Structures are given as structure tokens and as C-alpha cells.
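Everything below concerns the one structure shown next.
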Amino acid sequence: MPPSSADLLRWYDRHRRILPWRAAPGRTADPYHVWLSEIMLQQTTVAAVIPYYHRFLDLFPTIGDLARAETDRVMAAWAGLGYYARARNLHACARVVAAAGGFPATLDGLLALPGVGAYTAAAIGAIAFGLPVVPVDGNVERVTARLFALTDPLPAARRTLARHAATLNDSQPARARPSDFAQALFDLGAGICTPRNPACALCPWQGECAGLRQGIAAALPAKAPRAARPVRHGAHFRATDAAGQILLRRRPASGLLGGMLELPGTEWRAEPWAESEALAHAPLPGPWRQAGRVTHVFTHFTLHVDVYAARIGRFPNSAAQAGGLVFAARDLDGLALPSLMRKCLAATPPDRPTGVP
């Protein structure tokens, strides 16, 4: 028998989190707010997302505002959240939804939107449209693995976990309040059934939890060993002219950091770049000096970047002809610069005080 949805909902009514995208009790959630928060929360924590969420709503109060915005403005507002394909899909989705006059209220319609997968469609459907579905994120996977004592490791066990999670809302109380039930599951995983040191004594489902009875709850869900993250190397060049302008270029529209601005540089490869080899890729003649090294961790690899810096009188026309873009240093905060490039702009050699160009 699945655990009592009525017990979970009573717990949720007392302990629900107050989140900026969450509707007040008895109110219907705004699909735009739910969708925006769910896209932002992918691979990111609630604490990290909240300031970005507020900034986005200040800049783009409605999905129509977001749809009409220039791509660079959207990417600049997103910069720092990472996984930039999400921002490109977010903008594309906003245009589709605005053109249709609003979000579809069916799972199939939601799944057809750019950047909306099975989990996001279920979350929007349950929370904003009251569809009786269980969105299965990492929190819900963890709760499910412990409730049913499912010991097969992730990621192979994901389908099994989803099948068991789908049974959690079989009862009438859950189906009567699908929005609250979905968010109750999220809150249970985030606040009680945590990855480490779960507070089982406070859990409304402790009596039905097979993992707790067997003494293995804290070890679930099991995870297959991760392969070692590969390391790549690159070099980027920070050129500044006498007016304080900085030379940037735009990355290709598709791929990692697609469409974002960056300092000119080499490809990222498995072998380190010797200084003489790296300097052959400099966008302009020197004099170039070592300005520090930056390490940045992506999902699938770790990147080490050697940063070279040079001051010149003015940028030649050839810089623009080669795809270069010149920006005043004071305007950098408003540009679509990924956090990696902001690290490169801030890099200083070990023997040079911070703030010295």
C-alpha cells in the first residue's frame, strides 16, 4: 500500500516552504512563474535561483515581455546560472507560448514546448494546471527509493523509481490537491528526506517507509560509481586599449556556452598549451604577459585556462574583421558573459595585487 497522501498533505499545510514562485494557499499558481522557476532550478539550488528569478521578473514581468526581448538581454540576465542551453530554450519557449496565447494545459502540449522534458511538463501540469501527475525530480526519486527500499543504483534505476513514484498519488486526497501534493513531495525531500542525515523521526511517512524499517534509508538511493571527470586545457587573451575597452568575440550559437560572449582564445583540448603555442592563437600582436590561471568545472569536464593580457593603444580594424567585438569595461556587467569568462577577466598573476590590470 502506498503511504497516506492525507498525512503528507497535513504535514505540508503546516510546514510548506515559502518560495517566490509558489502560490499562496488556496490560490492558483501562475504557469509563467512555475515554468520559469522549474527551468532555473534544473542543476541549480533554490538559494542560487531566487535572486535570478526576481531579476528575471523585474526585467520580463510577463512571458510576452520575455518573448519580445533581445537574445543578448536574456542571456545577460541568465549569465552566472550556467547550463546556457536552458536560457536559449527558455527564450525559444517564451516565443512559442506567447504566439499561442498562453501555456498549453495538457502534458502532451507542454512536452511539445522547447526545453520542456517529462519532469518539467509534469511539474507545470500538476502545480499550475492541477493535472493528477507526480513530477519526479531528485527529491522525489530519493523519497521513493527509501519508501520502497529500492536498492538498484542510479541512473539505471530511474525508470523503476518513476513507476513507483507514479503510485504515490493514487488516493483521493492526492488527486483532489495535485498541485499541493506535488509540492509536498518536493518539500519532504528538501527538508526531511535529505540526502544526508534524513530527519526520519519528523517524517509524516516514517511508519510506511521500508527503507527506515530495514535500516538502509540513509544509504538510498544507491548510485553507480562515477567515472573520473576528464581535464581540458585552453588559453584566452584579455586585450585592453588605451580607452579601457576590451576585445571579445561571440561563441557559435550551438554547443557549450552557445551564443555567449568570450575572450578570444584557443580550443579546449586534453593537452596543456605551451606558452609559445598558445600565443600563436593571440588575436593581436603583443606584448602578451601571463595574467594567471583559471579553473572552471563543467558537468562533464574540468577546464584549466591560462589567461594572457596585453595593453595596446587602439584596436586595429583587423580585429573587427576577424569577428572581434569591442566593449567598454564599464558595460561588461550587462553583457552575456559566462562565469568562466568573468573569472578570466578578473585573473591576476600570483605576484600582482588584485585590481591591477
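The values are calculated or read from the model by the stated rules, or taken from the named source; none is laboratory data. These figures come from a predicted structure and were not determined experimentally. Heads up, the Cβs are rebuilt from the backbone with ideal geometry, glycines too, and the neighbour counts pull from every protein chain shown. Note: accessible area is taken over every heavy atom of the protein model, side chains too, but ligands, DNA and RNA are not part of it. Shrake-Rupley method; radii C 1.70, N 1.55, O 1.52, S 1.80 Å.
Annotations for the structure displayed:
- Averaged over its residues, region 94-224 has an accessible area of 44 Å² per residue, based on protein heavy atoms and a 1.4 Å probe.
- Among the protein heavy atoms, those of Thr28 account for about 120 Å² of accessible surface (1.4 Å probe, every chain in place).
- With Rh defined as the Kirkwood radius, the inverse of the mean 1/r over Cα pairs, the Rg/Rh of region 149-243 is 1.25.
- Dividing the helix sum by the residues of the chain, where each DSSP H run of 4 or more adds -39500 (n - 2.57), gives a mean residue ellipticity at 222 nm of -11000 deg cm²/dmol.
- Protection-proxy order for peptides 287-294, 327-334, each taking the mean of Cβ atoms within 10 Å per residue, highest first: 287-294, 327-334
- Selected from Ala218, His300, Ala121, residue furthest toward positive end of dipole (the chain; charges at beta carbon): Ala218
- For region 131-188 and region 238-282, distance of Cα centres in Å: 45 Å
- Cα-centred dipole magnitude for region 243-309, charges only on beta-carbon of K, R (+1) and D, E (-1), debye, nearest 20: 240 debye
- Two-site FRET efficiency, Arg55 against Ala227, from Cβ-Cβ distance with R₀ of 25 Å, rounded to 0.05: 0.10
- For region 234-357, accessible area per residue (1.4 Å probe, heavy atoms of protein chains only), Å²: 50 Å²
- Per residue accessible area in Å² of region 1-81, where ligands, DNA and RNA are left out and the probe is 1.4 Å: 50 Å²
- Overall dimensions of region 263-344 by Cα: Rg and Dmax, Å: 13.7, 40
- Descending by average beta-carbon neighbour count within 10 Å, the peptides 247-259, 229-241, 213-225 line up as 229-241, 247-259, 213-225, the highest first.
- What you get for the chain, charging only the Cβ of Lys and Arg (+1) and of Asp and Glu (-1), is a dipole of about 320 debye around the Cα centre.
- Near-label residues of region 235-262 by backbone N, under 15 Å of a point 7 Å along Cα→Cβ of Arg330: 243-246
- Distance between the pseudo-spin-label points of Thr71 and Ser4 (7 Å out from Cα toward the beta carbon): 5.5 nm.
- Calculated P(r) of the chain - Cα pairs past 37 Å, %: 34 percent
- Ordering of 114-127, 299-312 by packing [mean C-beta count within 10 Å, highest first]: 114-127, 299-312
- With every protein chain in place, the chain: carbon and sulfur % of accessible area (1.4 Å): 55 percent
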